[in-house]
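Enquirer: Structure provided below as structure tokens; questions to follow.
The values are calculated or read from the model by the stated rules, or taken from the named source; none is laboratory data. Note that this is a predicted model, so its numbers are computed, not measured. Note that each Cβ is placed from the backbone with ideal geometry, even for glycine, and that neighbours are counted across all protein chains shown. Keep in mind that these areas ignore ligands, DNA and RNA; they rest on the heavy atoms of the full protein, side chains included. Shrake-Rupley method; radii C 1.70, N 1.55, O 1.52, S 1.80 Å.
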Amino acid sequence: MSRLSGRLWLPWLRFTSLPQDAAERLSAAPAPVCYVLERQSRGDATVLRQACERAGLPLPMRTLSIEGAQATQPAVIALARPVGLLRQRMDRRPALQLLPLLRRIAADPGFDVTLVTAAVYWGRAPQRQGSWWRLALAEDSALVGRVHRLLTLLFNSRDTLVQFGPGQSLRALLGGEAAGNLAARRIAKLLQQQFSHARAAHIGPNLSHQRTLLTQVLRTRAVRSAVAQQAGDGKDARRRGLLQARELFEEIAANYSNAFVRLCEVVFTRLWTRVYDGVEFRHAQTLRDVAPGNEIIYVPCHRSHIDYLLLSYAIYKQGFAIPHIAAGINLNIPVVGRYLRKAGAFFIRRSFRGNALYAVVFMNYLAVIMSRGHPVEYFIEGGRSRTGRLLAPKTGMLSMTVRSFLRQPVRPVVFVPVYFGYERVMEVDSYVGELSGKPKQKESFMGLVRSLRRLRERFGRVHVNLGEPVHLNELLNQHQADWRQQPVDDQGRAPWVAPVVDELAGRIMRNINAAASVTPINLLALTLLATPRNVLREADLQGQLQLYLRLLQALPYSERVTVTELDAAGIIAYGEGMSAVVRSAAESSGAGELVGLEPAHAPAMTYYRNNVLHLFALPSLIACCFIANPRLRTEDIHRLAWRIYPYIGNELFLRWTEEQLAEVTIHTLQVLGGLGVLEGSVEQGWWQRPRADSAEAMQLSLLSQPTIQVIERYYLPLALLQQAGSGVLTASELQKRCERTAKQMVALYGYYAPEFFDRSLHEAFISLLRKRGVLSADAEGRLLFDEVVLRIVDDAQLVLSETLRHSILQVTHS
């Protein structure tokens, strides 16, 4: 490519350079920067120069001193060079520029160079095997001649990505080895591996045609065995079985299209700008750290159908390959299903029960795409949360992932938890209706069309936070140190796998919660829902919001939790702009303005409160102890916390173990004392609430309300059990009575909380009571209990108000 042609295509060039903070990271480099290109190319060098100028990085045209500072060379190294005149090929011998630098390092103890890999991707389409046209245009094509370079410039120069790697000390790479050809060859090979891993992470592996994937799946021993068992004897029977397996594959498989993904990027960039005030993607460094060389499994929480699109969009904008997404079969609707497949979605049934062949085909499809290096995404909760809390994890996909890895441990598997924080969820009104007993609306194309009208509304900001990754190898080593030598069957089953999956699920859920985003809407919901009429004087509201902000600062739940930068007044103003709160004049003069929840949105605000309930669970639990007790000994607080924490910790996936609870409780008491909402000290051995007429007493009372509602829900089945007696009710009957009682409380006392109607929460609590030995069951499934339940009910008197206990008891006895 001549310099003249370079000037001609520069105006046509459009590129993105990542990471965006590359200049900041390299500003502290202790040695001169030398860039490393994967191959010698004037086009790559031109794009590199432009990217460095735009990002404020050291320019590659600089020179480095070599040979005792008597000679110089450019500050850029190419690991491969094109050779040949008519038929070019790539010479991948160690870069000649490395040797002089290594000799200078060996001769001068004070000299070093910071190597920075600079990968230039001309077009981000993975190579599709079997297509000559796409092979010619793909970024990783093996055709390196002049025709290929011309086609690349014509078709891909407006979709170019420049990825800068972290700085590496050349002296550290050399180590104690002699500065010769062997050392240069080893370092060059290491750098080539880094480029290869980065290419897989940012571009994705080569795409096989669906026929190739189908053949791979049908040829696996597990699928052939399942077909034989289902089909029986006879040639025609086997043929029908294979046809059925093929139909199942076509029902499941994705059909990724890079052209469609690029179109979606343009469309959704405009759509998110119209619908949301911004999309915040936090902790992107996590991806840069773990994506190269690993099989990435994204495991987000599930708040909305928007989750599918939002995470893929955020990942693609960060320069990484978008994942293959496990979507519910309910989304495979006409028109929509086809395009979801092009965006990387593969479909999964809600249940595999009764269809062994489907289970085998699905698992082997998952194993094939994992072995090829495609990142995968699935929602560990199974479905969307209707309450705003995390649902209990569904371990089916986790189990298949672990077992697929055990069968084919091609590359290490890393799970990346993802937290979605919406300031307004599009489906939240339907969630409230479903919790109140309305039937779930089935997804349809016309339903999607009707929902487009809501795009005119304002939905605030969306926060996508990456949690702490979970490395499967480390977990396997903890449970089964010799797992590589342990035998597994064709489906990867082994007796020790189930405990690994259970712990993996729990760790992922805790890491999702540990990456929460606290928005103004969360804090307003948390505060105003704690009041009887969802309203407060503005001064009191500001004081409570300020308390929560100070708590988040003094008691940080996790370093990955992000908190709004607005102060209390700014939070209220933001809530007004979102139509979440409204102002009204106080009835008494001099009381100031009142701020309350917008009545139309009040039922849905519990969803946003529940998103962050876990961050305040322990301070709120301690505050509950002082509702009916003006003063308590430290040991009594420990006893009450120990009694309740296992259930709240299990429901909210809190990060502390029961062994850590005592230490965390003491620290929380000290913080609450420092904030003035409690009085006392560890040395005195007692704590008391402030004067009843003080602002601090009101703040302590409001702090207790989110958890007191959880404890009230726990008290309901225990009161029903006590009233019925041991050995009378089954678990199913108890759940139904809980739902009926909740409806009666709404009718009689106007008491309403959507989670009281959530059958899964009652089911999980009863299940945990059985797991911890508080309840047991006889041969007919009737629940048995002893004085332990009675002691728990007695302890509830120290937490719940007398009025509320009497209300619950009155309804249960009626």
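Enquirer: Give just the number: which of (1) at pLDDT 85 or above; (2) touching a strand residue (DSSP E or B) at 6+ places or on another chain (Cβ under 9 Å); (3) open to solvent by 20 Å² or more (accessible area, probe 1.4 Å); (4) farther than 25 Å from residue 320 by Cα does residue 108 not satisfy?
Expert: Status for residue 108: all satisfied but (2).
Enquirer: Those residues that are in contact (Cβ under 8 Å) with a residue 40 or more places away in the chain, out of contact with any Ser or Thr (no Cβ under 9 Å at 6 or more places or on another chain) and open to solvent by less than 60 Å² (accessible area, probe 1.4 Å), I need them from region 561-576; list them, please.
Expert: Listed by number, the residues that qualify are 572, 575.
Enquirer: Here is a further query. Tell me the residue from 296, 329 that is touching a strand residue (DSSP E or B) at 6+ places or on another chain (Cβ under 8 Å), closer than 23 Å to residue 347 by Cβ and open to solvent by 40 Å² or more (accessible area, probe 1.4 Å), please.
Expert: Being touching a strand residue (DSSP E or B) at 6+ places or on another chain (Cβ under 8 Å), closer than 23 Å to residue 347 by Cβ and open to solvent by 40 Å² or more (accessible area, probe 1.4 Å) holds for just one of 296, 329, which is 329.
Enquirer: Answer yes or no: is there a residue in region 372-384 that is open to solvent by 10 Å² or more (accessible area, probe 1.4 Å), aliphatic (A, V, I, L, M) and touching a residue at least 24 places away in the same chain (Cβ under 8 Å). Break it down into steps so the answer makes sense when it comes.
Expert: In the first step, residues of region 372-384 are kept if they are open to solvent by 10 Å² or more (accessible area, probe 1.4 Å); the result is 372-375, 379, 382-384.
Then drop every residue that is not aliphatic (A, V, I, L, M), which leaves none.
Checked against the condition, which is being open to solvent by 10 Å² or more (accessible area, probe 1.4 Å), aliphatic (A, V, I, L, M) and touching a residue at least 24 places away in the same chain (Cβ under 8 Å), region 372-384 yields no hits at all.
Enquirer: In addition: Would you point out the residue of region 270-284, among those that are exposed (fewer than 14 other Cβ atoms within 10 Å of the Cβ) and touching a residue at least 12 places away in the same chain (Cβ under 8 Å), that is farthest from the chain's Cα centre (by Cα)? Can you show your working first?
Expert: The first filter runs over region 270-284 and keeps only residues exposed (fewer than 14 other Cβ atoms within 10 Å of the Cβ), leaving 270, 273-274, 278.
Checking the rest, the ones that are also touching a residue at least 12 places away in the same chain (Cβ under 8 Å) come to 274, 278.
Details: 274: 24, 278: 18 Å.
Only one residue fits best here, namely 274.
Enquirer: Is it true that some residue in region 618-629 is in contact with a Gly (Cβ under 9 Å, 6 or more places away or on another chain), among the small types (Gly, Ala, Ser) and under 19 Å from residue 703 (Cα atoms)?
Expert: There is no residue in region 618-629 that is in contact with a Gly (Cβ under 9 Å, 6 or more places away or on another chain), among the small types (Gly, Ala, Ser) and under 19 Å from residue 703 (Cα atoms).
Enquirer: Tell me, please, whether a residue that is within 30 Å of residue 38 (Cα to Cα), surrounded by fewer than 17 Cβ atoms within 10 Å (Cβ to Cβ) and within 34 Å of the chain's Cα centre (by Cα) can be found in region 250-259.
Expert: Scanning region 250-259, I find at least one residue that is within 30 Å of residue 38 (Cα to Cα), surrounded by fewer than 17 Cβ atoms within 10 Å (Cβ to Cβ) and within 34 Å of the chain's Cα centre (by Cα), so the answer is yes.
Enquirer: Which residue out of 537, 550, 583, 533 is basic (Lys, Arg), open to solvent by 30 Å² or more (accessible area, probe 1.4 Å) and under 30 Å from residue 509 (Cβ atoms)? Can you show your working first?
Expert: Details: 537 fails: under 30 Å from residue 509 (Cβ atoms); 583 fails: under 30 Å from residue 509 (Cβ atoms); 533 fails: under 30 Å from residue 509 (Cβ atoms).
Of 537, 550, 583, 533, the one residue that is basic (Lys, Arg), open to solvent by 30 Å² or more (accessible area, probe 1.4 Å) and under 30 Å from residue 509 (Cβ atoms) is 550.
Enquirer: I've got another one for you. Which residues, counting only those in region 385-433, are touching a strand residue (DSSP E or B) at 6+ places or on another chain (Cβ under 6 Å) and either free of Cβ contacts under 8 Å to residues at least 60 places away in the same chain or among the acidic types (Asp, Glu) (or both)?
Expert: Answer for region 385-433, where residues must be touching a strand residue (DSSP E or B) at 6+ places or on another chain (Cβ under 6 Å) and either free of Cβ contacts under 8 Å to residues at least 60 places away in the same chain or among the acidic types (Asp, Glu) (or both): just 423.
Enquirer: Follow-up question, since we're still on this one. Which members of region 524-558 meet the condition of being polar (S, T, N, Q), more than 30 Å from residue 477 (Cβ to Cβ) and touching a residue at least 60 places away in the same chain (Cβ under 8 Å)? Talk me through it step by step, then tell me what you get.
Expert: Quick first cut of region 524-558, residues polar (S, T, N, Q) only: 527, 531, 534, 542, 544, 546, 553, 558.
So of that shortlist, the ones also more than 30 Å from residue 477 (Cβ to Cβ) come out as 527, 531, 534, 542, 544, 546, 553.
Hits for region 524-558 are 527, 531, 534, 544.
Enquirer: Grab the strands (runs of 3 or more DSSP E) fully contained in region 216-329, keeping just those with 3 or more residues being closer than 16 Å to residue 359 by Cα and modelled with pLDDT of 85 or more.
Expert: 324-328
Enquirer: Go through (1) out of contact with any Ser or Thr (no Cβ under 8 Å at 6 or more places or on another chain); (2) crowded, with 18+ Cβ neighbours inside 10 Å; (3) within 21 Å of residue 367 (Cβ to Cβ) for residue 492 and report which single condition fails.
Expert: Of everything listed in (1) out of contact with any Ser or Thr (no Cβ under 8 Å at 6 or more places or on another chain); (2) crowded, with 18+ Cβ neighbours inside 10 Å; (3) within 21 Å of residue 367 (Cβ to Cβ), residue 492 misses just condition (1).
Enquirer: Considering only region 758-774, state which residues are over 18 Å from residue 741 (Cβ atoms) and of a type in the set (A, V, I, L, M).
Expert: Correct list: 768, 774.
Enquirer: Would it be correct to say that residue 177 is part of a loop (DSSP other than H, G, I, E, B) and modelled with pLDDT of 65 or more?
Expert: Values: part of a loop (DSSP other than H, G, I, E, B): yes; modelled with pLDDT of 65 or more: yes.
So residue 177 passes the test.
Enquirer: Just checking, how many residues over region 149-169 are among the aromatic types (Phe, Trp, Tyr) and modelled with pLDDT under 90?
Expert: Selection size over region 149-169: 1.
Enquirer: Please give the helices (runs of 4 or more DSSP H) falling wholly within region 1-103 in which 3 or more residues are open to solvent by less than 40 Å² (accessible area, probe 1.4 Å) and at pLDDT 70 or above.
Expert: Here the list reads 22-26, 42-55.
Enquirer: Now, a different point. Here is a list: 503, 468, 559. Which entry is out of contact with any strand residue (DSSP E or B) (no Cβ under 6 Å at 6 or more places or on another chain) and either more than 30 Å from residue 292 (Cβ to Cβ) or in a helix (DSSP H, G or I) (or both)?
Expert: On the way: 468 fails: either more than 30 Å from residue 292 (Cβ to Cβ) or in a helix (DSSP H, G or I) (or both); 559 fails: either more than 30 Å from residue 292 (Cβ to Cβ) or in a helix (DSSP H, G or I) (or both).
Checking each option against the conditions leaves just 503.
Enquirer: Quickly run through region 167-188 and pick out the residues that are of a type in the set (Lys, Arg) and either free of Cβ contacts under 8 Å to residues at least 24 places away in the same chain or open to solvent by less than 20 Å² (accessible area, probe 1.4 Å) (or both). Give the derivation first.
Expert: Filtering region 167-188 down to residues of a type in the set (Lys, Arg) leaves 171, 185-186.
The answer is 186, and nothing else.
Enquirer: Looking at region 497-523, I want the residues that are without any contact (Cβ under 8 Å) to a residue 40 or more places away in the chain and have a partner that is assigned to a strand (DSSP E or B) with Cβ atoms under 6 Å, at least 6 apart or on another chain. Which pairs are those?
Expert: What qualifies is 507/470.
Enquirer: Which members of region 347-364 meet the condition of being farther than 18 Å from residue 222 by Cβ and in a strand (DSSP E or B)?
Expert: 347
Enquirer: Does residue 548 meet the test of being under 21 Å from residue 675 (Cα atoms), part of a helix (DSSP H, G or I) and in contact with a Leu (Cβ under 6 Å, 6 or more places away or on another chain)? Please lay out each step first, then the result.
Expert: On the way: under 21 Å from residue 675 (Cα atoms): yes; part of a helix (DSSP H, G or I): yes; in contact with a Leu (Cβ under 6 Å, 6 or more places away or on another chain): yes.
Answer is yes for this residue.
Enquirer: Six or more apart or on different chains, Cβ under 9 Å: which pairs go from a residue in region 615-644 that's of a type in the set (Asp, Glu) to one that's at pLDDT below 90? Could you list them?
Expert: Going by the 9 Å Cβ cut-off, the qualifying pairs are 635/685; 636/625; 636/629; 636/798.
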